[in-house]
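The structure appears right after this line, and notes come after that.
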Amino acid sequence: MKTDKKRGQAFCQITQCPSPFFRLKHMRSSAASLHAGMTLLVFLLVSCNLLSFAQESPWDILNGRDKEIVNAFLEKAKPLITEKQEKGIAALLVFSELFKGLNEEDRIFLERVCLLSGMGSCTDIEIQLEGTSQKIKFIPIENQSFSKQNLPEKIPTQYLSENVFETYAKMMKRMEENIGTKLLVESGYRSPAYQLYLFLSFLPKHGYSLIENQRWNALPGKSEHGNPVRQAVDFISVNGVNGEENPEDFTALPEYQWLKQNAADFDFELSYPEESKDAVFEPWHWRCIKSQK
């Protein structure tokens, strides 16, 4: 506003100059100022449009600073995650544990990632899915192991809510009776906090692209592994076939064919079939739709 006032005063002085020379001189000066002003205006309009476009565009490829925050966070969280994995309780991680010791910049970044889910803050997601109002009883699945290339490999302790565990156990009993083998739980319940850690840990693998990463790894609040109402289970065969490197390896299993024919009888369904447009085909990923019945 001050600039506009001064330009108005300059124009009045030009019109009152007695000499044509001075009038011409000041008019040229005024024209130059007007041109400069118009140039500034165009620049500001373009800048505003670009800013508006940037705000409307989805948050996707992380910039240099965001990458540094992710890498630093993963390094800070590593001791905590390792300790909980060794104790077999990583899947039950809560946000208060994950956020402990982080600086404000780290916290703000993690909250931004949680908000991408559309379910609110990290705490909001935790309350909605873990159920502050209702305590969910989780059953630990321990001492699972499979044989891969004649070498035994142990699966870390997994958890299923009580209803899902009972359904899974009945389904596997029937599968063994029918085809003489069963499937193990490679990944069961995962808390929203643990899901956030896993989501960020896979970002480097996908070029720090939030959108590309979401095709393979769900955001906290969006993973069926953390949803007690539609609890997901990732299966692996006793021979170590899980299909993650090559889905066809899993679809070739007689166990998979059995699931396609019989899983519905136990209220299990395939979450991401081949025709899915929202995610890649995951033949090993099944959800129990009677979780809270």
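Only the coordinates and a few stated rules stand behind these numbers; no lab work does. Just so it is clear, the structure is predicted and the values come from calculations on it, not from any experiment. Heads up, the Cβs are rebuilt from the backbone with ideal geometry, glycines too, and the neighbour counts pull from every protein chain shown.
How long is the gain from GLU75 to THR123 if the chain were fully straight, where each residue apart is worth 0.36 nm and the alpha carbon distance is subtracted?
15.0 nm
Each label point is 7 Å from the Cα along the Cα-to-Cβ direction; what then is the distance between the points at ILE61 and ASN239, in nm?
4.3
Give me the compactness ratio for segment 61-214, meaning the Cα radius of gyration over 2.2 N^0.38 Å.
With N residues counted in segment 61-214, Rg over 2.2 N^0.38 Å equals 1.21.
Calculate the spin-label point distance for GLU275 paired with LYS290, positioning each point 7 Å from the Cα along the beta-carbon direction, and give it in nanometres.
2.5
Using label points projected 7 Å from each Cα along Cα→Cβ, tell me how many nm separate ARG215 and GLU248, to one decimal.
2.0
Which aspartates and glutamates does LYS67 reach when only Cα atoms under 15 Å apart count, and residues fewer than 8 places away in its own chain are ignored?
GLU75, GLU105, ASP106
Going by Cα centres, segment 68-83 and segment 151-215 are how many Å apart?
When both Cα centres are located, 22 Å separates them.
What is the sum of charges, Lys and Arg at +1 and Asp and Glu at -1, for the other residues whose Cβ falls under 12 Å from the Cβ of GLY240?
-3
Please give every one of the aspartates and glutamates within straight-line cross-link reach of LYS78, meaning a C-alpha to C-alpha distance under 13 Å, and leave out same-chain neighbours fewer than 8 residues apart.
List returned: GLU86, GLU97.
Kindly provide the chymotrypsin sites (Phe, Trp or Tyr not before Pro) of segment 130-227 that DSSP labels as loop, not H, G, I, E or B, and whose Cβ sees at most 14 other Cβ atoms within 10 Å.
PHE202
Report the FRET efficiency, 1/(1 + (r/R0)^6), for ARG107 and ASN143, where r is their Cβ-Cβ distance and R0 is 30 Å, rounded to 0.05.
Given R0 = 30 Å and the Cβ-Cβ separation, E is 0.20.
Write out the GluC sites (Glu not before Pro) in segment 191-293 meeting two conditions: DSSP loop, and at most 10 other Cβ atoms within 10 Å of their Cβ.
Filter output for segment 191-293: GLU245, GLU275.
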